[in-house]
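> Sharing a structure, written as structure tokens. Questions coming.
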Amino acid sequence: MLFFTVVVSIVIIQRIIELAIAKRNEKWMRRQGAFEAGAEHYPLMVMMHIAFFVSLIMEVAMLDRPLSPLWHFLLPIFLLAQVMRVWCLSSLGKFWNTKILVMPGADVVRKGPYKWLRHPNYVVVSIEILVLPLLFSAYFTAFVYSLLNIWMLSVRIPTEEKALRETTDYEERFSLKKHPAK
């Protein structure tokens, strides 16, 4: 249980620090003329992520879940996801946020993992939501919140892409323009 407490405490502290960074970035972006897209789903996403940690802690503590026998495999995956998370955040710099903030006319970032993927941070979050609970045999949390995350991303990604397409060079940077049929 000590290992679980340490790991989850570190992840929660990491998220709190990220929220402070996001708030600082939001203030800067809004001063530059950024607007928020998808504000209506943002509170649901925040509640989902808070509920994820509550569910994980309750499932492990109340049901006395053991460390997974596959922890030697799962822990490196989780740690690699943390490295990817930092790479995503540092690649976006002041443009990184937990909200969908779009700066009209801005050049879309195409460095770091964004050179190869349009939404690497969402891949990282999906891995974390699955692997962290599995690491501690919290199968209910892994299953339920992976499904909720899929639903959330099915709302969030189209909202983000629409806002980026309409106000930035997103289509050109990611070659999303439809080619006419021959």
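> Please find, within segment 126-182, the residue that is modelled with the lowest pLDDT out of those that are of a type in the set (D, E, K, R) and part of a loop (DSSP other than H, G, I, E, B).
As a first pass, look at segment 126-182 and keep what is of a type in the set (D, E, K, R): 128, 156, 160-162, 165-166, 169, 171-173, 177-178, 182.
Going one step further and asking which of them are part of a loop (DSSP other than H, G, I, E, B), we end up with 169, 177-178, 182.
Numbers: D169: 86, K177: 57, K178: 54, K182: 43.
Step by step, filter segment 126-182, then rank; the result is K182.
> So is L75 within 18 Å of the chain's Cα centre (by Cα), in contact (Cβ under 8 Å) with a residue 12 or more places away in the chain, farther than 25 Å from L164 by Cα and surrounded by 15 or more Cβ atoms within 10 Å (Cβ to Cβ) or not? Talk me through it step by step, then tell me what you get.
Values: within 18 Å of the chain's Cα centre (by Cα): no; in contact (Cβ under 8 Å) with a residue 12 or more places away in the chain: yes; farther than 25 Å from L164 by Cα: yes; surrounded by 15 or more Cβ atoms within 10 Å (Cβ to Cβ): yes.
Against the criterion (within 18 Å of the chain's Cα centre (by Cα), in contact (Cβ under 8 Å) with a residue 12 or more places away in the chain, farther than 25 Å from L164 by Cα and surrounded by 15 or more Cβ atoms within 10 Å (Cβ to Cβ)), L75 does not qualify.
Residues are listed down the side, and each one gets a yes or a no for (1) at pLDDT 95 or above; (2) farther than 24 Å from I16 by Cα; (3) small (G, A, S):
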{"site": "M47", "(1), (2), (3)": "yes, no, no"}
{"site": "F52", "(1), (2), (3)": "yes, no, no"}
{"site": "V86", "(1), (2), (3)": "yes, no, no"}
{"site": "S90", "(1), (2), (3)": "yes, no, yes"}
{"site": "P113", "(1), (2), (3)": "yes, no, no"}
{"site": "L117", "(1), (2), (3)": "no, yes, no"}
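> Can you tell me which residue among I100, I57 is over 24 Å from I157 (Cα atoms) and either of a type in the set (V, I, T) or in contact with a Cys (Cβ under 8 Å, 6 or more places away or on another chain) (or both)?
I57
> Also, quick follow-up: Tell me yes or no: at least one residue of segment 54-67 is over 30 Å from Y170 (Cβ atoms) and basic (K, R).
Within segment 54-67 (the criterion being over 30 Å from Y170 (Cβ atoms) and basic (K, R)), the answer is yes, since at least one residue qualifies.
The values are calculated or read from the model by the stated rules, or taken from the named source; none is laboratory data. Since we're looking at a predicted model, the values are computed, not measured. Note that each Cβ is placed from the backbone with ideal geometry, even for glycine, and that neighbours are counted across all protein chains shown.
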